[in-house]
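The values are calculated or read from the model by the stated rules, or taken from the named source; none is laboratory data. All values reported here derive from a predicted model rather than from experimental measurement. FYI the Cβ positions are ideal-geometry reconstructions off the backbone, even for glycines, and counts take in every protein chain you see. Just the protein is used for accessible areas: all its heavy atoms, side chains included, with ligands, DNA and RNA removed. Shrake-Rupley method; radii C 1.70, N 1.55, O 1.52, S 1.80 Å.
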Amino acid sequence: MNPSRQFPSNPYLLLANIGQLLTLRGDSSPRRGAALKEIGLIEDAAVLCGGGRIIAAGPQRAILRGPWLRKNRRKLREVDCGGRVILPGLIDSHTHPVFYEPRLLDFEKRIAGASYQEIAAAGGGIRSSVAAVRKATRKQLGQQVLGALKAMLEQGTTTVEAKSGYGLTAEAEIKSLQAIRDAARLWPGAVVSTLLAAHVVPPEFAGKEDQYVDVVCREIIPLAAKKKLAEFVDVFCEHGAFTLGQSERIFASARAAGLGTRAHVCQFTASKLHTLLSYQPASFDHMDCVAQEDIGLLAREQTVATLLPAANYFLGHSEFPDARRLIDSGVAVALATDYNPGTSPTPSMAFVISLACTHMKMSPAEAIAASTMNAACALRLQERKGSIEPGKDADLALFDVKDYREIGYWFAWNRCRQVIMSGQLGLNEKS
Ligand code: NIG
Ligand code: FE
């Protein structure tokens, strides 16, 4: 969103006449099991924001009677929400926005019957996005990232995790992280950066995979940390990408550099998770084929399982992550888009919510909690984001629906009307 399209800043904002307010109130730990569907619904509600934070949220009658509001009502900017739905700004905790071109050849090959892994083994896939990213300037990449962030904001997403991962040299990975930072500075939402130099082994290291892991561990991770360009390090732990042993080395290097960890695991083949779990990663992502014993382990950990059903959809898979088994076993589950050129070119969390409901049998309430509070936990931002409670950042989304269940119902239809970032009202360019 272009900042010039925002209303002039006003220190206090009252959102009144909210038909359904989803507060997601509760403690700041990931929601598990039956608690995942507790979304803290309040009807006929209001929210008061000031200084970028939530001051009060609750039944409108109670909010309007509050002594501060009675005294200061004239200082407020007031918005009539028309009986619509307000929820915490959606949190997309897994995206790969630093790419330069769509992958249309892969798209057509898959339609003709080739699998993602076959295309990758034949030189397509992630490796085919690398040359264009290496060639692009930081400015060009920053514009690509900003375009994606704007599209996300239009659909109600106010916090995004953004990974590098198509540069695969120290220079191109640093350039990718700088592009994320440049775009983040021009965007009103919050961006969390992740170094994914271990996305795949680049062609020049074919047959010398461990040497590339050495470069990632000894050069790229320390450099990204020194330049303060990344908060997390990610690795694609999968056949054809990095082994479990190599992934552990990458986690160890991240820990030594003071960075958090997260991993793409169990997307196509199962991996044993306990060694990686000892690094207390913030999140394990994909988790399509996780073993039952690892589900038991995860249920006792703070690590969130981030499910990415838009990738299954776009790859044309009939199988989706087994969300029910994970949730019912007590694993903390989040949802994200996985926005990337190969497996998920969508910026829409609402579409992901819809897929979670229709293909993973998550209830609309569970899917929303997984896209707000649990997604905040997956980014270790739960003290500031993910719910509408006094003291938290005033990042909210107003959807043009009367019932929150409509968010996943009107699929492939952007019903987000407005976002509020740090208590400032922004216009949704599409509304
Ligand atoms: O999360 N699995 C690894 N990475 C991405 C795909 C990236 C690509 O194909 O460009 C994913 O699906
Ligand atoms: Fe991904």
Accessible surface, 1.4 Å probe, highest first, among residues 108, 219: 108, 219
Computed over segment 155-307: relative contact order in percent, which uses C-alpha pairs under 8 Å that are six or more apart: 17 percent
Å² of accessible area per residue within segment 140-227, as computed with a 1.4 Å probe and no ligands counted: 32 Å²
Listed pairs 37/163; 361/385; 75/392 exceeding 24 Å between Cα atoms: 37/163; 361/385
For segment 256-268, 3J(HN,Hα) per residue [Karplus equation, 6.51 cos²θ - 1.76 cosθ + 1.60, θ = phi - 60°, Hz, x = Gly/Pro]: 4, 8, x, 9, x, 10, 7, 8, 7, 9, 6, 7, 10
Between 0 and 90°, nearest 10: helix 349-360 axis offset from the chain longest Cα axis: 70 degrees
Highest-MSF residue in the chain out of 336, 378, 206 [GNM, Cα springs under 10 Å]: 206
The chain - percent of accessible surface contributed by carbon and sulfur, probe 1.4 Å: 52 percent
Two-site FRET efficiency, residue 171 against residue 29, from Cβ-Cβ distance with R₀ of 56 Å, rounded to 0.05: 0.90
Whole-number accessible area per residue in Å² for segment 1-128, which is evaluated in the context of all protein chains at 1.4 Å: 49 Å²
Spacing of the two label points (7 Å from each Cα toward its C-beta) at residue 73 and residue 411, in nm: 4.5 nm
Sites residue 292 and residue 363 - FRET efficiency at Förster radius 25 Å, r taken between beta-carbons, to 0.05: 0.60
Value of relative contact order over segment 49-203, rounded to a whole percent, pairs C-alpha under 8 Å and six or more apart: 25 percent
In degrees, nearest ten, helix 138-154 long axis to first principal axis of the chain (Cα): 40 degrees
Gap separating the Cα centres of segment 309-345 and segment 84-132, nearest whole Å: 14 Å
Average Cα contact separation per residue, the chain, under 8 Å, 6 or more apart, as relative contact order %: 23 percent
Sum of -39500 (n - 2.57) over DSSP H runs of 4+, divided by residues of the chain (222 nm, nearest 500): -9000 deg cm²/dmol
Placed amide H near residue 394: partners under 5 Å, 5+ positions off or other chain: 53, 54, 422, 423
Electrostatic dipole magnitude of segment 370-431 [Cβ: Lys, Arg +1; Asp, Glu -1; Cα centre; debye, to 20]: 80 debye
Dipole magnitude of segment 315-431, debye to nearest 20 (Cβ charges: Lys/Arg +1, Asp/Glu -1, about Cα centre): 80 debye
Degrees between helix 170-185 axis and first principal axis of the chain (Cα, 0 to 90, nearest 10): 10 degrees
Most positive-pole-ward Cα, 99, 391, 114, against dipole of the chain from beta carbon charges: 391
Share antiparallel - DSSP beta bridges, the chain, percent rounded to 5: 45 percent
Probe 1.4 Å, all protein chains present, accessible-area order of 12, 212, 339, largest first: 12, 339, 212
Accessible surface, per residue, of segment 263-400 when the full set of protein chains is kept, probe 1.4 Å, Å²: 29 Å²
GNM top mover of 208, 402, 385 - the chain, alpha-carbon springs below 10 Å: 208
Sites residue 214 and residue 132 - FRET efficiency at Förster radius 25 Å, r taken between beta-carbons, to 0.05: 0.45
Mean Cβ count within 10 Å, highest first, over the residues of peptides 26-33, 257-264, 69-76: 257-264, 26-33, 69-76
